[in-house]
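Input: a single structure, listed below in structure tokens.
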Amino acid sequence: MDGTLVDTERLWWEAVEHVAAGLGRSLTEADEEDVLGRPVEHTAEMLSRATGAPFAEVAADLHREFADRVRSGVVARPGALRLLDALAADGVPTALVTASPRAIADLVVEGLGADRFAVTVTADDTPRTKPAPDPYLAACRALGVEPASCVAVEDTRTGVSSAEAAGCAVLAVPSLAPIAAAPGRTVRESLEDVTPSGLRDMITTREAPEASDPSDLPGPSDRPESSDLPGPSDPRELRVMSWNLWFGGTKVRYYREKQLKIILESGVDVVGLQETYGTAARELAEALGWEYHQAGENLGVISRYPITGRLGAADPGFYGGTGVHVTLGGDQDVVLWSAHLDYTPYGPYEASFDGLAGPELAAHESVRLGQLREILAAMAPDLAARDTTPVLLVGDFNAPSHLDRDDAEWPVTRAAEEAGLRDSYRVAHPDPVRSPGHTWSPVHTEHEDSSGRPEPQDRIDYVLYAGAGLRVLDSRTLVTGTPRTWPDVEDNDWPSDHAAVITTFSLGRVARSD
């Protein structure tokens, strides 16, 4: 609704900006993910956490400011009403799916004409709203159709994530923040030239690329050639996460719900887990409807794609590695290993607190180096075949990178590099000064010995990769909210003492040996 159908996305931003200014906070581009496409409650929680203002008061102020702006008059987006009328004339049922509350949605629908929509789903109507798939799934059920038969028209990344998670094709018409094209997603500047037949072709193209007519699609300049357009089982991007769960997340209240929310909102496809506390991989996968592999009490992998092989020892011990073979579809597979290396002796402590020099620091990496070499030996067949089946090694290495620091050789990451594995974060961010990418630690700012010494901050979690079929599109660290420091962590939104690492890869065609 907001920003797609009517020009309220700017009204919402202005309302949030007004409330935030009253609380002494200025919005920046970094706030877009917590404002655009989000329900009032999400944005209110963000502002409450950032400013200390009571949540209920912030939420009420946001409701009031936005409603006042909507009542003063909303303007339909270019082409929106014409498209709705054309869909009605063509007999295509239409649902309004919005993260706005029912009170706001009803104001907008009343102004546009309630008869334009067969169904209206608001933030009040499902347990979870965008970016979870629930609103679009509810709309599909109400219309009596399968998600694969629907096109969702969206203007924010949050809304796109919701629709794609539900299984809909997506036409993205960005309002304030840009949205990239992707498989199953068409991006247009406006709705002015969109037709029912063009929307219909978005679905038939997904099902049968050879039968599509490019001239009828909403925007031929914004989509690949029909011969290059993948179907829903033929992904061209893969988003991979490495995440140390920190005793499974148990240090934080409602940790499992928070973990699920983070995974859903991040849009990841495969997650390599450490410190799974025995059951985390299974419990997360079952809640998500994904597949999983649990190796011993500490290591696991969860995947939205089928896991078709399990690699390495069934129980590698607390420290070690485990691997899976993942079938992505479209004749594309990847192998992913998740690793956790010993944390003692910890090099950054020895460098910062003990004043050890380079040779001593390097020598004290011998335990981790030995563990990594065992993992690399187990991965040897996969690495040998990396140009036909790309390989990923993710995990908590408990060791800094030789690409970040020059005070020692830091042989652990160097050994991975010598085995042919590249560091995706440093590929995306070559300058360690401008982009340190610290993953240790969002909750430790002072050392735990009560000395008051600052905790060394470092990058010790990695997404490494090898193979001609992978190219890094983006890599970033992830921490949600503003975590309180140890030991006052039980109410943190982020249920870990590590930041996660997320890398998005493009998947190129690879030569098959068979």
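The values are calculated or read from the model by the stated rules, or taken from the named source; none is laboratory data. Treat the numbers as computed from the prediction; the structure is a model and nothing was measured. Reconstructed Cβ throughout: ideal geometry from the backbone, glycine too, with neighbour counts over all protein chains shown. Surface accessibility is based on the protein's heavy atoms, side chains included, excluding ligands, DNA and RNA. Shrake-Rupley method; radii C 1.70, N 1.55, O 1.52, S 1.80 Å.
What the table below lists for this structure:
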read-out: Filtered residues of segment 4-18 (kept if outside any helix (DSSP H, G or I) and hydrophobic (A, V, I, L, M, F, W, C)); value: 5, 6
read-out: Lone unmet requirement of (1) without any contact (Cβ under 8 Å) to a residue 24 or more places away in the chain; (2) of a type outside the set (Lys, Arg); (3) surrounded by 21 or more Cβ atoms within 10 Å (Cβ to Cβ) for residue 1; value: (1)
read-out: Those residues of segment 375-390 which are surrounded by 15 or more Cβ atoms within 10 Å (Cβ to Cβ) and either in a helix (DSSP H, G or I) or in contact with a strand residue (DSSP E or B) (Cβ under 6 Å, 6 or more places away or on another chain) (or both), in sequence order; value: 375, 376, 378, 379, 382, 383, 386, 389, 390
read-out: Out of 275, 286, 257, sole residue that is under 14 Å from residue 395 (Cβ atoms) and of a type in the set (Asp, Glu); value: 275
read-out: Lone qualifier among 409, 448 - being touching a residue at least 40 places away in the same chain (Cβ under 8 Å), of a type in the set (Asp, Glu) and in a loop (DSSP other than H, G, I, E, B); value: 409
read-out: For residue 461: the one exception among (1) under 20 Å from residue 340 (Cα atoms); (2) touching a helix residue (DSSP H, G or I) at 6+ places or on another chain (Cβ under 8 Å); value: (2)
read-out: Matching option when the condition is open to solvent by 60 Å² or more (accessible area, probe 1.4 Å), more than 20 Å from residue 157 (Cβ to Cβ) and assigned to a loop (DSSP other than H, G, I, E, B), among 282, 253; value: 253
read-out: Among (1) under 25 Å from residue 236 (Cα atoms); (2) in a loop (DSSP other than H, G, I, E, B), the one test that residue 345 misses; value: (1)
read-out: Enumeration of residues in segment 19-67 that are under 27 Å from the mean Cα position of the chain (by Cα), of a type in the set (Gly, Ala, Ser) and outside any helix (DSSP H, G or I); value: 26, 37
read-out: Positions within segment 351-384 being farther than 30 Å from residue 454 by Cβ, free of Cβ contacts under 8 Å to residues at least 60 places away in the same chain and among the small types (Gly, Ala, Ser), in sequence order; value: 370, 377, 380, 384
read-out: Count of residues meeting criterion [under 21 Å from residue 289 (Cα atoms) and either at pLDDT 90 or above or among the small types (Gly, Ala, Ser) (or both)] in segment 119-140; value: 7
read-out: Any pair with Cβ under 6 angstrom, 6 or more apart, that starts in segment 245-263 at a residue that is over 18 Å from residue 440 (Cα atoms) and ends at one that is in a helix (DSSP H, G or I); value: 255/249; 259/249; 260/287
read-out: Criterion (more than 27 Å from the chain's Cα centre (by Cα), of a type in the set (Ser, Thr, Tyr) and farther than 21 Å from residue 482 by Cα) met by exactly one of 4, 94, 8, 98; value: 94
read-out: Residue 105 of a type in the set (Gly, Ala, Ser), touching a residue at least 12 places away in the same chain (Cβ under 8 Å), assigned to a helix (DSSP H, G or I) and open to solvent by 20 Å² or more (accessible area, probe 1.4 Å); value: no
